[in-house]
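First up is the structure itself, then whatever we jot down about it.
No value in this document is a laboratory result; all are computed from the given coordinates. Predicted, not measured: the structure shown is a model, and the values here were computed from it. Methodologically, a virtual Cβ is constructed for each residue, glycine included, from the backbone with ideal geometry; neighbour enumeration extends over all protein chains shown.
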Amino acid sequence: MLKAKTIILGISSSIAAYKSCEVVSQLKKLGADVWVVMTSDATKLVSPLTFRTLSGNPVITDLYSPELSSMPVPHISLAKRASLILIAPCTANVIGKLANGIADDPLSTIVISSTAKKVIAPAMNCEMWRNPLVLQNVKKLKALNFDFIGPVEGKLACGDDDIGRMAEPAEIVGEVVSSLVVQQDLKGKRFLVTAGGTREAIDPVRYISNRSSGKMGYALAQAARERGSAVNLISAPTNLAAPLDIKPIKVESAGSMLEAVLDYYNSADAVIMAAAVADYRPVKAEGKKLKKKVISKQYAVSSIELEETDDILKTIAKQKGRKDRALVGFALETDDLIANAKKKLKEKDLDLIIANDPSTFDGNLIKFSIIDSQGKVKNYPKQPKDQAAHVILDRVSNLI
């Protein structure tokens, strides 16, 4: 996602500098070339060696370092190379320097030399943040197109519970991605996305489920967030990390997923049901683990009494209401894929349906077709799920 992007990460002397390790790791995972620039006091809080190891590049604390000898004028070379400059954490001191054109260390010199987009994640004591001089400097920088993320409220190093904490790494990385990668065509919209395979309990240990990994749903949630949308991600159990700054709403069964969907449905501009929801559940879930002999006599596979779960798509389709709310489903079939997908599209009154076969389970690639409400089919070649997510969102964006 950030391949061929160069991020200069400035780190100043806040205890929140330890969180910047995670920022570097996440940026690297997204393919960015990360160069860390530290103030001298920041090096007393976290070792430059840590950031060198995580970034794979020299850590800049001195523009005259022999390590930078291949760059004739290091601060200009780095400034020109930067796709974006991120300062996280950023202290009141650094904010003041930048607002007043002071360039007396590697970080401030590189920032002032660069025309790249600049993002600041402040971290300081609450009274420092409220100081009129600091607020005036922040106002100056915002007028110069510096973007700010945070600070947020929480427990501060001094013990106060107040504003001043640096934003969380995932939120900061999400801001970087939004700034660099994707057109913000979904800004102001709210998406509701479901993901993963639900579980229907037989007893406290065993359950009925499916092979869904949740990867497609998580990719859709991340893509919508990258494009500026607010996202509610309702997730059945998966082994996936939360995408960007999204906090998944975790559920287990089809029933609990329906409840969560109904909680967030009315505020959604688009609903994408990518979860693999169980069609059936045991009529009775035992309160304790069934022993083998009991299972063999009473609970052979053929003798577990099942009942249908509530159909989430059908339920919300009846409440669709707004004409500009998009309702999108998925159809995974082992045979007659397009015919069965069209049937589901019509029965559940969907605006779009994405049809694919079981080969997509637990993989990173997907071959799929999109069918619109008129029954028109468009086929797409096999591609990474994060890429497919943007293809799907391109179609959804035309409906909202």
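Assign one of three labels to segment 139-210, namely rounded, prolate or oblate, based on the Cα gyration tensor with a ≥ b ≥ c the square roots of its eigenvalues; rounded applies when a/c is under 1.5, prolate when it is not and a/b is larger than b/c, and oblate otherwise. It is oblate, given that a/c is not under 1.5 and a/b is not larger than b/c. So which aspartates and glutamates can LYS44 reach, going by Cα to Cα under 17 Å and dropping same-chain residues fewer than 8 places off? Counting by Cα, and skipping residues close in sequence, LYS44 has these aspartates and glutamates nearby: ASP62, ASP105. Using a cut-off of 12 Å between beta-carbons, work out the net charge of the residues near ASP362 (Lys and Arg +1, Asp and Glu -1, ASP362 not included). Residues close to ASP362 contribute a combined charge of +3. Both radii come from the Cα set of segment 313-387: Rg as radius of gyration, Rh as Kirkwood radius; their ratio Rg/Rh reads 0.99.
Specify whether the C-alpha gyration tensor of segment 60-178 places it in the rounded, prolate or oblate class, a ≥ b ≥ c being the square roots of the eigenvalues: rounded for a/c under 1.5, otherwise prolate if a/b is larger than b/c and oblate if not. The shape class here is prolate. Straight-line cross-link reach from LYS376 at under 17 Å between alpha-carbon atoms covers these aspartates and glutamates, not counting any fewer than eight positions away in the same chain: ASP336, GLU347, ASP349, ASP351, ASP394. Treating the beta-carbon of each Lys and Arg as +1 and of each Asp and Glu as -1, no other charges, what is the dipole magnitude of segment 6-180 about its Cα centre, to the nearest 20 debye? For this selection, approximately 420 debye. Only alpha carbons enter this Debye calculation for segment 89-142, each as an equal point scatterer, and the log10 of I(q)/I(0) it gives at q = 0.22, 0.29 Å⁻¹ is -0.82, -1.29.
Which loop trypsin sites (Lys or Arg not before Pro) in segment 182-245, with loop taken from DSSP, have no more than 12 other Cβ atoms within 10 angstrom of their Cβ? For trypsin sites (Lys or Arg not before Pro) across segment 182-245 that sit outside H, G, I, E and B with at most 12 neighbouring Cβ atoms in 10 Å, the list reads LYS187, ARG211. Value of Rg to Rh for segment 190-397, rounded to two decimals, is 0.99; Kirkwood radius and Rg both from alpha-carbon coordinates.
Over the chain, DSSP H runs of length four or greater, each weighted -39,500 (n - 2.57), average out per residue to a 222 nm ellipticity of -9500 deg cm²/dmol. Working from Cα pairs under 8 Å separated by at least six residues, relative contact order for segment 190-397 is 21 percent. Annotation: aspartates and glutamates with alpha-carbon distance below 18 angstrom to LYS155 (same-chain offsets under eight excluded): GLU127, GLU168, GLU171. Taken about its Cα centre, segment 143-222 carries a charge dipole of roughly 580 debye when the Cβ of each Lys and Arg holds +1 and the Cβ of each Asp and Glu holds -1. Toward the positive end of the charge dipole of segment 118-222, with +1 on the Cβ of Lys and Arg and -1 on the Cβ of Asp and Glu, the farthest Cα among GLY188, GLY159, PRO169 is that of GLY188.
Amide H to amide H distances under 5 Å link ILE60 with VAL36, VAL37, MET38, where only residues 5 or more positions off or on other chains count and H is placed in the peptide plane.
Summing +1 for each Lys or Arg and -1 for each Asp or Glu among the other residues whose beta-carbon sits under 14 angstrom from that of GLY154 gives -3. The local environment of THR238, defined by Cβ-Cβ distances under 10 Å, has a net charge of +2 under the rule Lys, Arg +1 and Asp, Glu -1. Here the Karplus relation 6.51 cos²θ - 1.76 cosθ + 1.60, evaluated at θ = phi - 60°, turns the backbone of segment 281-290 into coupling constants of 9, x, 4, 10, 9, 5, x, 9, 4, 6 Hz, with x for every Gly and Pro.
In the structure shown, the pairs LYS215/LYS382; LYS80/LYS118; LYS80/LYS117; LYS29/LYS97 are assessed against 21 Å; a Cα-Cα span above that value is assigned to LYS29/LYS97. Each of VAL36, VAL193 has some number of other Cβ atoms within 10 Å of its Cβ, and from fewest to most they run VAL36, VAL193. The Cα atoms of the chain cover 76, 50, 42 Å along the three principal axes, with the biggest extent listed first. The residue among THR238, MET38, GLN383 whose Cα reaches farthest toward the positive pole of the charge dipole of the chain, with charges on the beta-carbon of Lys, Arg, Asp and Glu, is GLN383.
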